[in-house]
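The structure under discussion appears below in the form of structure tokens.
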């Protein structure tokens, strides 16, 4: 398990050591000791979530506020997605900056998204199975988001927006300037 820092402090790409032969493959997708030693962060994951979506589905940019904030460890089990995070931490030197990465079933990369980040993904394959761990339970009253096409963020989703499939809720999210920066 190799942790690679992103330009956004506290956010890491995880590249797993992969062992494969004619029988199949094995890799350790998470190790608490290795993670804490590499990041200096202690995370206690309490819930696993999984979704299946078809091409063009854009989920996000979501986050949980205040005491219900969540850190996430995300990966793709089948297919491919463009995964995007936005730093919304109050006082952060990289506030409002984004990071994106392609996560696929074949590259086995994971992304650690700390508390204080908005997160979303766009399915770029015919279908994708997306899996993530969170360190805090979901709370509907603390749910918030940022509009995927916020001009201030200027995210290049790599696909024509006419192909996007968004929930009604995600079509009505505010822009970054309208949200409260997150205390973490």
The simple spin-label model distance between residue 36 and residue 78, using points 7 Å out along Cα→Cβ, in nm, is 3.5
Express in whole angstrom the spacing between the alpha-carbon centres of the stretch 56-105 and the stretch 130-184.
8
Report, please, the projected area of the stretch 1-97 averaged over directions, based on the convex hull of its C-alpha atoms, in nm².
8.2
For residue 55 and residue 23 in the same chain, what is the full-extension length gain: residue separation times 0.36 nm, less their Cα-Cα distance, in nm?
8.5 nm
Run the helix sum for the chain: -39,500 (n - 2.57) per DSSP H stretch of 4+ residues, divided by residue count, reported at 222 nm to the nearest 500 deg cm²/dmol.
-1000 deg cm²/dmol
Where does the stretch 67-137 land on the Kirkwood hydrodynamic radius, alpha-carbon pairs, in angstrom?
12.6
Give me the distance in nm between label points sitting 7 Å out from Cα along the Cα-to-Cβ direction at residue 2 and residue 143, one decimal.
3.8
Stretch gain in nm, segment residue 168-residue 97, where the contour uses 0.36 nm per residue and the Cα spacing is subtracted:
23.0 nm
1/(1 + (r/R0)^6) with r = Cβ-Cβ of residue 127 and residue 160, R0 = 22 Å, i.e. FRET efficiency to nearest 0.05, evaluates to 0.70
At 0.36 nm per residue, and after removing the present C-alpha to C-alpha distance, how many nm does the segment from residue 48 to residue 183 gain when stretched out fully?
46.2 nm
Most fluctuating residue of 23, 115, 55 in a GNM of the chain with Cα springs under 10 Å: which is it?
23
Taking springs between alpha-carbon atoms closer than 10 angstrom, which of 96, 24, 60 fluctuates most in the Gaussian network model of the chain?
24
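Any read-out appearing in this document is the output of simple, stated calculations on the displayed coordinates, not a laboratory observation. Everything quoted here is computed from the prediction, not taken from an experiment. All Cβ positions, glycine included, derive from the backbone under ideal geometry; neighbour counts span all protein chains shown.
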